[in-house]
Amino acid sequence: MIVKFFPKGRAGLDYVLGKGRKVDEREPLVLAGDPTKVNSLILGSDFVNPYTSAVLTYDQEISEEEMRRDMASFDEIILPGMTPGVEYERVWVRHKEHPKDPVTKKPDPTKPMRTALHWICANTELSTGKRLQPYFDRVDRPRVESWQELTNLEHGYAS
């Protein structure tokens with residue numbers, strides 16, 4: 001499993017939900033959170049970065065139990081002691097996809113499916129309306145990388 005945080009303006013809610021696509025082979029599925037609430041907070045925000053987005057990418061399909069376990073663990077490592085839906089809003093969306101061919105950049109159906117868990121968090125603390133910074137790269141990267149490696153070791157995921 002690899003954790004990747006996206007720079008602002010990339011991997012937004014419309015992308016992960018597949019809006020504007022007639023057919024979405026990724027089969028997006030909302031696993032946790034309320035996309036409507038997250039979208040309202042993002043659109044109503046006057047912050048420079050109204051949301052933070054990340055993805056947990058696995059080299060295989062994982063079970064729903066594994067997804068839920070890793071999602072809860074990630075929420076706790078990113079915003080320790082805070083409760084989703086009470087102090088902050090985030091949404092988790094699952095994609096199923098084939099790895100991309102390195103040359104053509106198109107999905108390669110000869111390779112096994114993999115799971116991608118997209119996380120989008122509105123950068124607003126709900127009780128105060130103040131800005132919430134769930135991830136600051138220079139400070140948080142070592143902690144997230146440690147969590148990633150520990151999770152990979154505990155559960156036998158590829159790095």
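Bridging of Lys37 to lysines at a Cα separation below 23 Å is possible for Lys8, Lys19, Lys130, once same-chain residues fewer than 8 apart are set aside. Per the Cα gyration tensor, the range 74-159 maps to an equivalent ellipsoid with semi-axes of 30, 17, 12 Å, ordered largest to smallest.
The overall shape of the range 15-159 is oblate: from the C-alpha gyration tensor, with semi-axes ordered a ≥ b ≥ c, the ratio a/c is 1.5 or greater and a/b is no larger than b/c.
Could you give the accessible area per residue of the chain, probe 1.4 Å, as a whole number in Å²? Intermediate results must be reported in sequence, preceding the final value.
Values: 9040 Å² over 159 residues.
Heavy-atom SASA per residue in the chain reads 57 Å².
In this rough spin-label picture, where each label sits 7 Å from Cα along the Cβ direction, the Glu87-Glu25 distance is 4.2 nm. Please say if the range 1-89 is rounded, prolate or oblate, where rounded means a/c under 1.5 for a ≥ b ≥ c the square roots of the C-alpha gyration tensor eigenvalues, and otherwise the choice is prolate for a/b larger than b/c and oblate otherwise? Note, shape of the range 1-89 comes out oblate.
List the aspartates and glutamates whose Cα sits under 14 Å from the Cα of Lys105, skipping any in the same chain fewer than 8 residues away. Here the aspartates and glutamates satisfying the reach criterion relative to Lys105 are Glu97. Ranked by the mean number of other Cβ atoms within 10 Å per residue, highest first, peptides 103-113, 65-75, 23-33 order as 65-75, 23-33, 103-113. Structural descriptor for the range 50-159: relative contact order 35 percent, calculated from alpha carbon pairs under 8 angstrom and at least 6 residues apart.
When the helix-only estimate is applied to the chain (DSSP H runs of n ≥ 4, each -39,500 (n - 2.57), divided by the residue count), what is the mean residue ellipticity at 222 nm, nearest 500 deg cm²/dmol? Could you put the intermediate results ahead of the total?
On the way: 4 runs with 48 residues, N = 159.
Value at 222 nm, helices only: -9500 deg cm²/dmol.
Which angle from 0 to 90°, rounded to the nearest 10, does the C-alpha axis of helix 137-155 make with the longest principal axis of the chain? The helix 137-155 is inclined about 50 degrees to the chain. Scalar couplings 3J(HN,Hα) for the range 69-79, obtained by applying the Karplus form with A = 6.51, B = -1.76, C = 1.60 to θ = phi - 60°, are 4, 5, 5, 5, 5, 5, 4, 5, 6, 7, 10 Hz; x denotes Gly and Pro.
Here the accessible area is traced with a 1.4 Å probe on the protein chains. For the chain, carbon and sulfur cover 54 percent of it. Using R0 = 30 Å, the C-beta based FRET efficiency linking Asp46 and Ala72 works out to 0.45.
The values are calculated or read from the model by the stated rules, or taken from the named source; none is laboratory data. If you're wondering where the values come from, they're calculated on a predicted model, not measured in any experiment. Glycine also receives a Cβ, built like all others from the backbone with ideal geometry; neighbour counts cover every protein chain displayed. For the accessible areas, the whole protein counts, side chains as well, though only heavy atoms, and no ligand, DNA or RNA atoms are used. Shrake-Rupley method; radii C 1.70, N 1.55, O 1.52, S 1.80 Å.
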